[in-house]
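The values are calculated or read from the model by the stated rules, or taken from the named source; none is laboratory data. Everything quoted here is computed from the prediction, not taken from an experiment. Positions of Cβ are generated from backbone atoms using ideal geometry, with glycine treated the same way; all protein chains shown enter the neighbour counts. Heavy atoms of the whole protein, side chains included, go into the accessibility calculation; ligands, DNA and RNA do not. Shrake-Rupley method; radii C 1.70, N 1.55, O 1.52, S 1.80 Å.
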Amino acid sequence: MKKEYTKLKWYRFKIARRIWNLEGKELLAELEDIIQDIRDKKLDKLGVFQLQLRELENMIDELKIKPKAKTRVHDPFHIPASGDGRIALFGLSNVGKSTLMNAITNTDVKIGAYLHTTRVAHAGTLEYENLKIQIIDVPGFLDFKDDWGVNRQIVRVARTSDAIMMVIDLSLDIDRQYNFLMQQLEDSKLVVDGETHYKLSIIATKGDLPGSEEKFSKLKEITSLPICPVSIKFDDSLENLKKALFEQLEIIRIYTKKPGQKADLEQPFVLPEGGTITDVAERIHTSFLSRFRFARVWGPSAEFEGQQVGLDHTLADTDIVELVVER
Ligand SMILES: Nc1nc2c(ncn2[C@@H]2O[C@H](COP(=O)(O)OP(=O)(O)OP(=O)(O)O)[C@@H](O)[C@H]2O)c(=O)[nH]1
Ligand SMILES: [Mg+2]
């Protein structure tokens, strides 16, 4: 089962990158192509892929029934993807989502000591050790009658992200927030029977306020999800958060070098965890696969510096790779 999930996780990584910036007919065609690919590779025989297939089919249905707009309407929740991964915030109003967003990205979203300050989605870029991580700040969930469809839009942002961070305020009622957010995840089928293929974890905010420690202990009791406690007042906690966000993406950075030259240590190739030499070769140029002779690896995945490896060698974060190909 674990193996199947890893396979699905990988596959989702590829899907996300294929459809990120597509809309309308292009998106429809790509979705159909992905479904075909799943069937061709017989992945639909694996239980965990069933839900993925249904999700893709639902997306196609939605696209097909959507009446054609005569004029292009600006959708304040549609944010084209950019960077090496995309993370959505997911929480009630006034819990500190925008405050965090401003603290860790290049954006300046309005913050308010009252409810429903943020009305549309905002994107910001978190620069973390040569990676650009896109963070999407959304309005807080409406926990009363949602006449405007805001909750559905928040879910849509989450669905197009690689990871979802539930934001829980440590100065408020923990059970109520947690149960409400879990309910939203289940209602929208982001979580089904307690299982999810979204990378899900919790940011616990306002750790500086009185009583937050007890609330944090309580939160740990009621969930097995990873929790990152933060306070806008503690810089260390914000640094921890950046690291947690990176880890949540489950990606690795691979630096390449040409034979006889120094490695480029600024522009990594970004692969899902478990990526191999094949993935790097494919990214550089398709011809690199057919011309491949061997590779040399320096870094965490190498048994010794400059180890000679083949195409199926599994890489680790911050490895340096040199590919030797036939001329
Ligand atoms: N003490 C303390 N207050 C915080 C912290 N983070 C945010 N706040 C305060 O919480 C209030 C709400 O912050 P926002 O960032 O606007 O909350 P939000 O989740 O974006 O709210 P909506 O946009 O309405 O969904 C503001 O008054 C912030 O100053 C924190 O770590 N500690
Ligand atoms: Mg906000």
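Filter the stretch 128-142 down to the residues that are in contact with a Phe, Trp or Tyr (Cβ under 6 Å, 6 or more places away or on another chain) and within 16 Å of ligand 2 (Cβ to nearest atom) and list them by number.
Correct list: empty.
Looking at the stretch 163-213 only, could you name the residues that are within 17 Å of the chain's Cα centre (by Cα) and within 16 Å of ligand 2 (Cβ to nearest atom)?
Residues satisfying the conditions are MET165, MET166, VAL167, ILE203.
The rows are residues; the columns are (1) closer than 19 Å to SER98 by Cα; (2) buried (at least 18 other Cβ atoms within 10 Å of the Cβ).
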residue: VAL157; (1), (2): yes, yes
residue: SER171; (1), (2): yes, no
residue: LEU185; (1), (2): no, yes
residue: VAL192; (1), (2): no, no
residue: GLU213; (1), (2): no, no
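Among the numbered conditions (1) of a type outside the set (Gly, Ala, Ser); (2) more than 16 Å from ligand 1 (Cβ to nearest atom); (3) farther than 28 Å from LYS233 by Cβ; (4) in a loop (DSSP other than H, G, I, E, B), tell me where MET182 comes up short.
Every condition holds for MET182 apart from (4).
Out of (1) open to solvent by less than 50 Å² (accessible area, probe 1.4 Å); (2) within 11 Å of ligand 2 (Cβ to nearest atom); (3) at pLDDT 85 or above, the odd one out for ILE111 is which?
Result: ILE111 fails condition (1) only.
Find the residue count for the stretch 51-65, including only residues that are free of Cβ contacts under 8 Å to residues at least 24 places away in the same chain and surrounded by 13 or more Cβ atoms within 10 Å (Cβ to Cβ).
2
Under the condition of being under 30 Å from TRP10 (Cα atoms) and within 13 Å of ligand 1 (Cβ to nearest atom), which residue from the stretch 114-125 is surrounded by the most Cβ atoms within 10 Å (Cβ to Cβ)?
Checking each candidate, the answer is HIS122.
For the stretch 129-150, name all the residues that are in contact (Cβ under 8 Å) with a residue 12 or more places away in the chain and surrounded by 18 or more Cβ atoms within 10 Å (Cβ to Cβ).
Answer for the stretch 129-150, where residues must be in contact (Cβ under 8 Å) with a residue 12 or more places away in the chain and surrounded by 18 or more Cβ atoms within 10 Å (Cβ to Cβ): LEU131, ILE133, GLN134, ILE135, ILE136, ASP137, VAL138, PRO139, GLY140, PHE141.
If we scan the stretch 118-127, do we find a residue that is within 17 Å of LEU238 (Cβ to Cβ), assigned by TED's automatic domain parsing to the domain that holds PHE216, away from ligand 2 (no atom under 16 Å from the Cβ) and of a type outside the set (S, T, N, Q)?
yes
Considering only residues that are polar (S, T, N, Q) and out of contact with any Pro (no Cβ under 7 Å at 6 or more places or on another chain), look in the stretch 301-327 and name the one that is most open to solvent (accessible area, probe 1.4 Å).
GLN308
Within the stretch 194-206, which residues are open to solvent by less than 30 Å² (accessible area, probe 1.4 Å) and closer than 26 Å to ALA113 by Cα?
If the condition is that a residue be open to solvent by less than 30 Å² (accessible area, probe 1.4 Å) and closer than 26 Å to ALA113 by Cα, then SER201, ILE202, ILE203, ALA204, THR205 are the ones that fit.
Quick one: which strands (runs of 3 or more DSSP E) sit completely within the stretch 220-327 and have at least 3 residues that are in contact with a Gly (Cβ under 9 Å, 6 or more places away or on another chain) and within 25 Å of ILE133 (Cβ to Cβ)?
In the stretch 220-327, 251-257 are the strands (runs of 3 or more DSSP E) which contain 3 or more residues that are in contact with a Gly (Cβ under 9 Å, 6 or more places away or on another chain) and within 25 Å of ILE133 (Cβ to Cβ).
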